[in-house]
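K.L.:
Got a structure for you, written out below as structure tokens; questions coming shortly.
The values are calculated or read from the model by the stated rules, or taken from the named source; none is laboratory data. Because the structure is a prediction, the values reported are computed rather than measured. Note: ideal-geometry Cβ built from the backbone for every residue, glycine included; neighbour counts use all protein chains shown.
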Amino acid sequence: MSRLELANLLFPEVDYEKMSIESLLAKYPERNQNVCDRIAPSPTGYFHFGNLFTALVNWKYARQNDGIFYLRVEDTDQLRKVDDAVDVLLASLDKFWLNIDEWPEIGGEYWPYFQSERREIYLVFIKYLVSQGLAYPCWMSAAEIESIRSLQTEKKLIPGIYGEFSKYRNFTPDQLAQTYHSAGDTFEVIRFRSPADLTHKITFNDEIRGEISMIDNYNDIVILKKDGLPTYHLAHIVDDTLMRTSLVMRGEEWLTSVPLHIQLFKSFGLKVPAYAHVAPICKLDQGKKRKLSKRHDPEANVAFFFQKWYQTQALIEYIMTLADSSFEDRRKDHVESDLSEFHFELSKMSVSWSLFDQQKLDRIANSHLSQVSTEELYNQTLDRARIYHPDYAKLLQNHPDYAKFAINIERFTPKDPKRYTTYADVMAQTINFFDEIFISGEVRQSIVELINSTFSAEMLDSLQLFISDYSANFNLENDTEVRFNQLKEIWWKYGFAANNAQFKEGGYVGKVWDLAMFLRIKLLNSKQTPDLFSMMKVMGRERVISRLMFYS
Ligand code: GLU
């Protein structure tokens with residue numbers, strides 16, 4: 001039996017008259033653009049921050065080279081598939097303005113964009129390898145593979161299914177056909193016959209890391225699984241060839257597979273695309289770097305940033321600092337420039353693991369929100385509230401002016417403290433301005449708890465006396481100085497010191513700091529509020545009095 005006959009026996013459904021590698025290459029011709037890159041996530045219902053990072057750099061690279069950026073859904077792992085995962089993917093890309101050039105609804109000639117719909121195509125390629133003796137069926141059981149592994153460990157041999165350890169590698173086509181029949185006309189998997197031995201080295205180029213030398217692939221890896229779908233390795237070769245990807249930019253975890261991928265491309269006589277392997281984003285954990293993890297880090301899931309409603313532009317700017325360490329400095333000199341004006345070079349990307357720096361992200365986010373208009377802050381907060389707090393959304397909608405006054409306290413002033421990092425902060429810091437929310441039992445309970453945990457019973461007595469006096473006499477119309485003096489007179493009367501130094505002299509029940517804290521908690525159920533007088537002014541006299549007089 002010839003190799004071709006064996007291939008026909010194993011893959012009778014693949015008819016080269018109808019579909020062959022040549023006809024596929026003709027159907028999906030070379031692109032007109034020099035650059036074409038993509039992201040190829042698995043639809044797990046979870047968009048990892050690392051995916052976002054890779055997507056952003058691919059998108060940026062394609063855009064700055066007038067190239068194509070597309071999405072391919074790698075859904076061959078049927079077990080991990082999640083129903084709305086593709087919606088999550090598309091919504092995430094959309095949210096970050098990472099527009100794709102091709103998709104069923106958008107158009108594009110290089111379809112299908114779902115791997116699960118490309119099965120026929122993969123089989124054409126796999127059958128070809130079998131017909132050339134470059135791949136072969138295998139019936140090794142999990143137990144057999146395990147016993148090989150134990151033997152290799154015991155004898156200190158290099159682990160893997162290669163050479164003599166691959167039971168069917170050197171079977172003749174007749175022997176393979178016989179085994180196929182005796183197994184009931186079926187096979188377990190198809191393995192690639194690696195052309196390299198254990199000693200062979202290979203050198204290739206990585207656009208980020210430069211020249212890399214490593215040991216060549218010697219394993220006969222599985223290219224077609226039992227479920228009839230290919231493994232990532234084979235699918236990558238087929239898809240990136242037919243979809244005419246010029247640059248494969250993907251996670252660093254694939255770097256060690258490059259030798260195998262090059263072997264596969266060459267076994268078909270196909271051109272190898274350029275590769276770029278992106279270092280993962282990581283965290284410091286007990287002094288050691290580890291990858292951002294789905295299990296330990298909420299920010300590993302991009303949904304975390306949506307939920308907090310980070311401003312998209314700020315996040316993008318932050319990710320750019322991760323992608324290119326020179327970006328931050330360049331940005332400082334061109335604050336007004338559009339991101340598209342910043343050239344980004346693969347060779348400048350970090351090869352070491354970059355740290356996810358929440359503080360830096362927040363600093364960037366903070367400064368971005370301090371420049372956003374009140375209208376935008378209001379609208380975005382309203383959009384967010386519609387999802388997370390519909391009652392608050394209604395209040396915002398019914399009292400836009402009051403909401404905007406509350407939002408705006410201290411903003412656009414020389415001492416702008418940049419109150420907000422995310423739109424979730426805007427909500428958290430303004431929601432209690434509304435009586436409808438403030439009078440709820442939950443808020444009252446929290447006020448009582450805050451007060452009791454902050455002040456001693458003794459001090460509370462003095463604070464209460466102060467509050468009754470102050471409520472009866474404060475005047476919001478006066479200017480700052482008069483208001484302050486008035487407050488001072490009252491605090492003095494009830495035994496509060498103006499500052500630490502005075503307090504240390506002795507004879508005082510507390511400090512002005514305690515008074516201010518007491519007012520903040522009573523007025524807004526928080527120890528941190530913007531400027532007291534400003535917020536009292538926004539709330540208005542009656543509301544202030546009723547809040548000050550409330551006590552458990
Ligand atoms: N599905 C692979 C992954 O998510 C894609 C890698 C690639 O971009 O080729 O890691």
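K.L.:
I need the full set of residues from the range 380-416 which are under 29 Å from residue 303 (Cβ atoms) and in a loop (DSSP other than H, G, I, E, B), in order please.
P.N.:
389, 411
K.L.:
Still on this model: Residues in the range 498-508: is at least one in contact (Cβ under 8 Å) with a residue 60 or more places away in the chain and either surrounded by fewer than 18 Cβ atoms within 10 Å (Cβ to Cβ) or not basic (Lys, Arg) (or both)?
P.N.:
no
K.L.:
So which of 190, 208 is assigned to a strand (DSSP E or B), in contact (Cβ under 8 Å) with a residue 60 or more places away in the chain and surrounded by 14 or more Cβ atoms within 10 Å (Cβ to Cβ)?
P.N.:
Every option except 190 fails the conditions.
K.L.:
What are the residue pairs meeting all of these: first residue in the range 231-258, first residue under 23 Å from residue 351 (Cβ atoms) and modelled with pLDDT of 95 or more, second residue within 11 Å of the ligand (Cβ to nearest atom) and part of a helix (DSSP H, G or I), Cβ atoms under 6 Å, and 6 or more apart or on different chains?
P.N.:
248/240; 249/58
K.L.:
How many residues are within 18 Å of residue 118 (Cβ to Cβ), touching a Ser or Thr at 6+ places or on another chain (Cβ under 7 Å) and away from the ligand (no atom under 11 Å from the Cβ) if we restrict to the range 213-264?
P.N.:
5
For (1) under 20 Å from residue 517 (Cα atoms); (2) free of Cβ contacts under 8 Å to residues at least 12 places away in the same chain; (3) surrounded by 13 or more Cβ atoms within 10 Å (Cβ to Cβ), each residue gets a yes or a no:
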{"residue": "421", "(1), (2), (3)": "no, no, yes"}
{"residue": "441", "(1), (2), (3)": "no, yes, no"}
{"residue": "446", "(1), (2), (3)": "yes, no, yes"}
{"residue": "453", "(1), (2), (3)": "yes, yes, no"}
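K.L.:
All but one of (1) buried (at least 17 other Cβ atoms within 10 Å of the Cβ); (2) in contact with a Lys or Arg (Cβ under 9 Å, 6 or more places away or on another chain) hold for residue 77; which doesn't?
P.N.:
(2) is the only condition that residue 77 fails.
K.L.:
Same structure again: Condition test on residue 55, is it within 14 Å of the chain's Cα centre (by Cα) and more than 16 Å from the ligand (Cβ to nearest atom)?
P.N.:
Against the criterion (within 14 Å of the chain's Cα centre (by Cα) and more than 16 Å from the ligand (Cβ to nearest atom)), residue 55 does not qualify.
K.L.:
Can you name every residue in the range 265-276 that is within 12 Å of the ligand (Cβ to nearest atom) and assigned to a loop (DSSP other than H, G, I, E, B)?
P.N.:
Answer for the range 265-276, where residues must be within 12 Å of the ligand (Cβ to nearest atom) and assigned to a loop (DSSP other than H, G, I, E, B): just 273.
K.L.:
Continuing with the same structure: May I ask you to list the residues in the range 517-552 that are acidic (Asp, Glu) and under 17 Å from residue 484 (Cβ atoms)?
P.N.:
The one that is acidic (Asp, Glu) and under 17 Å from residue 484 (Cβ atoms): 531.
K.L.:
Looking at 102, 109, which one is surrounded by fewer than 16 Cβ atoms within 10 Å (Cβ to Cβ), away from the ligand (no atom under 15 Å from the Cβ), at pLDDT 95 or above and more than 22 Å from residue 221 (Cβ to Cβ)?
P.N.:
Just a single option satisfies the conditions, and that option is 109.
K.L.:
When you look at residue 92, is it within 16 Å of the ligand (Cβ to nearest atom) and not in a strand (DSSP E or B), yes or no?
P.N.:
Spelling it out, residue 92 is indeed within 16 Å of the ligand (Cβ to nearest atom) and not in a strand (DSSP E or B).
K.L.:
Among the candidates 124, 82, which residue alone is within 30 Å of residue 18 (Cα to Cα), aliphatic (A, V, I, L, M) and either assigned to a helix (DSSP H, G or I) or without any contact (Cβ under 8 Å) to a residue 40 or more places away in the chain (or both)?
P.N.:
124
K.L.:
Have a look at 393, 406 and point out the one that is of a type in the set (A, V, I, L, M, F, W, C) and surrounded by fewer than 20 Cβ atoms within 10 Å (Cβ to Cβ).
P.N.:
393
K.L.:
Given the options 13, 5, name the one that is of a type in the set (D, E, K, R), part of a helix (DSSP H, G or I) and modelled with pLDDT of 95 or more.
P.N.:
5
K.L.:
Going by what's in this entry, would residue 519 be described as within 18 Å of residue 461 (Cβ to Cβ) and surrounded by 18 or more Cβ atoms within 10 Å (Cβ to Cβ)?
P.N.:
It is true that residue 519 is within 18 Å of residue 461 (Cβ to Cβ) and surrounded by 18 or more Cβ atoms within 10 Å (Cβ to Cβ).
K.L.:
Can I ask one more? Suppose the filter is touching a Cys at 6+ places or on another chain (Cβ under 6 Å) and away from the ligand (no atom under 16 Å from the Cβ); does residue 289 pass it?
P.N.:
Here the answer is yes, as residue 289 does meet what is asked.
K.L.:
Quick one: which helices (runs of 4 or more DSSP H) lie wholly within the range 294-376 and hold at least 1 residues that are under 24 Å from residue 282 (Cα atoms) and within 19 Å of the chain's Cα centre (by Cα)?
P.N.:
Hits in the range 294-376: 303-308, 312-323, 358-369.
K.L.:
Just a yes or no: is a residue in the range 487-494 hydroxyl-bearing (Ser, Thr, Tyr) and surrounded by 18 or more Cβ atoms within 10 Å (Cβ to Cβ)?
P.N.:
Taking every residue of the range 487-494 in turn, at least one turns out to be hydroxyl-bearing (Ser, Thr, Tyr) and surrounded by 18 or more Cβ atoms within 10 Å (Cβ to Cβ).
K.L.:
Checking the condition aliphatic (A, V, I, L, M) and either modelled with pLDDT under 95 or part of a loop (DSSP other than H, G, I, E, B) (or both), which residue from 158, 145 passes?
P.N.:
Just one listed residue meets the conditions, 158.
K.L.:
Here's a check for you: in the range 261-272, which residue that is of a type outside the set (Gly, Ala, Ser) and surrounded by fewer than 20 Cβ atoms within 10 Å (Cβ to Cβ) is farthest from residue 210 (Cα to Cα)?
P.N.:
268
K.L.:
Residue 68: surrounded by 21 or more Cβ atoms within 10 Å (Cβ to Cβ) and within 16 Å of the ligand (Cβ to nearest atom), yes or no?
P.N.:
yes
K.L.:
Quick check on residue 380: is it exposed (fewer than 15 other Cβ atoms within 10 Å of the Cβ), over 26 Å from residue 276 (Cα atoms) and under 24 Å from the mean Cα position of the chain (by Cα)?
P.N.:
No; evaluated as a whole, the condition is false for this residue.
K.L.:
Grab the helices (runs of 4 or more DSSP H) fully contained in the range 435-552, keeping just those with 3 or more residues being over 30 Å from residue 394 (Cα atoms).
P.N.:
It comes to 441-454, 457-473, 480-493, 500-505, 512-524.
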